[in-house]
């Protein structure tokens, strides 16, 4: 079969066009695909709804609360009106009743949501940033750096191992003890505790990527190791880290509450925080157990929301489960 | 003087507690400028390791040892430090890999991956690089290149991905291309297109090409010179026509005989080479192919066979080769 070069080219072009047609369904990136799968997962929907409500409450709730969360004066009226004793229960005016100092419990829950979310997010971000830095350097060094790289990796990972070998609450308590009680302390403590998880996760996933064909292909084109690590390996390794961040938000909220409960948080009860409210409610469990139940339920539901969404994201981003 | 002259290339992988593996065991061949050279052999014969060694892409760790020399235009690639080797890769020598899907970064659009080479070696930036990238895609036969640049690897068909990889490899007009099984992961019609494209690129740009494959059909259509590898050594080397007309080494004969033929009768079985690649005699103890060879004699075991040169440049490593005049014997 002999064709003139021009006709041959034409034929090839047409073949290329034909082969292009069947995969022309509008393409989606990894994240769009993951989002599509998330929308089909009922657990993800539930988690997302819980979180949306929680975030809305945390962000705009404090502007809409019916009472000042620090106002202790309304209690006189409440005691007289309700005739339920010194800590009146729910009424039309005070939906969740009063707390032990005569402040509106509902308003405190709403304002507390903002504190909880803020502390949880900042703590997770601290852990994420440090963890990604350590894990990223270690992963890149181990994957591409040769003998010296492996040394750097070993040193970093032994440090992380040491952090990992301490019980997380104990580590948090030590950090808190070192820095003195306060919200900043709690955020740093909870953040530091989550560093090892992020570091190990990212390093592992980067090392796995370092042997992939596209990395060899990129280095066969003379691309620098640093560039390969940052623009090829890192983006492919981030998915599990992002999932972990969502799950860590859940544990961070619980740990923040736990540390506040233990008295390591902001000691000023004028700033409502769910863990602190829980601690404050302790002496009154016999008379008004609801005061402990409200913040506890708040903590559980938010943590559940983050966990549900995190698990669903893990499934959606897992290439092995991809159909 | 050849563009690339590989002498006694050897690669060994050693691991504590295990026998040292001689993946490449003294391979020598040369490539002239603009020439297409085929490295042929079955899995495990050392083809890919040879190419990775030449590119300096073998893992740098204890236990991996590369020996011999690879003279590329006056510099020995194997002695180059990692930094200078990185400059050579992509600019002077580029490589095309077997599996186009896994060789492209799944989360980075094609355009960024193509421009990366241009930025790295040709110092281009921004719009100029994007424009050049689109031209490259156009040159390798990808329709609507500006749109394709924004797409991700999974949105392209297999053939188009391989075209994109080829575009990246030829972006800096390298003097030597190494294609490692470039068509194995593609279906047959696409294979033909990709081979056609490679031929065209070689013809137009004068790039030399090392074609690594297990498919003699591929080399038959493309290569000027063919090196047949077995167990890490070249066992036969010849110009294409001579090899197909007058193959001498029993392994080459076996390879050719095992290709399915269009003119074979219905129900006729393929002729395999008996045994498997694992039945290898170390070269130091004789001919590595001897355990599988039908023409084995006493002389095959004992000392390694040397390359027998002929006046045409056809060389083979066999003490009892097929006689020159009767190529029909190959069909037995």
Given (1) within 21 Å of residue A:303 (Cβ to Cβ); (2) in contact with a strand residue (DSSP E or B) (Cβ under 6 Å, 6 or more places away or on another chain), number of the condition residue A:172 does not satisfy: (2)
Mind listing just one residue for me: the one in segment B:134-162 that is at the interface with chain A (Cβ under 10 Å from one of its Cβ atoms) and closer than 13 Å to residue B:112 by Cα and, of those, surrounded by the fewest Cβ atoms within 10 Å (Cβ to Cβ)? B:150
Among residues of segment B:227-275, those that are on the phi > 0 side of the Ramachandran plot and touching a strand residue (DSSP E or B) at 6+ places or on another chain (Cβ under 6 Å), counted: 1
Counting just the residues of segment B:304-320 that are at pLDDT 85 or above and more than 25 Å from the chain's Cα centre (by Cα), which one comes out farthest from residue B:245 (Cα to Cα)? B:319
State yes or no: is residue A:34 modelled with pLDDT of 75 or more, on the phi < 0 side of the Ramachandran plot and away from every other protein chain (no Cβ under 14 Å)? no
Among (1) modelled with pLDDT under 90; (2) within 10 Å of chain A (Cβ to nearest Cβ); (3) under 30 Å from residue B:221 (Cα atoms); (4) buried (at least 18 other Cβ atoms within 10 Å of the Cβ) - the single one residue B:120 does not satisfy: (3)
The helices (runs of 4 or more DSSP H) lying entirely within segment A:145-221 that contain at least 1 residues which are closer than 20 Å to residue A:235 by Cα and touching a helix residue (DSSP H, G or I) at 6+ places or on another chain (Cβ under 9 Å) are A:146-165, A:183-210, A:213-220
Scan segment B:199-219 for residues that are assigned to a helix (DSSP H, G or I), touching a strand residue (DSSP E or B) at 6+ places or on another chain (Cβ under 9 Å) and farther than 12 Å from residue B:176 by Cβ and jot them down. B:199, B:201, B:216, B:218, B:219
Being modelled with pLDDT of 90 or more and within 9 Å of chain A (Cβ to nearest Cβ): is that true of residue B:165 here? yes
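The values are calculated or read from the model by the stated rules, or taken from the named source; none is laboratory data. All values reported here derive from a predicted model rather than from experimental measurement. When we count neighbours, we look across all protein chains shown, and the Cβ atoms used for this are built from the backbone with ideal geometry, even at glycine.
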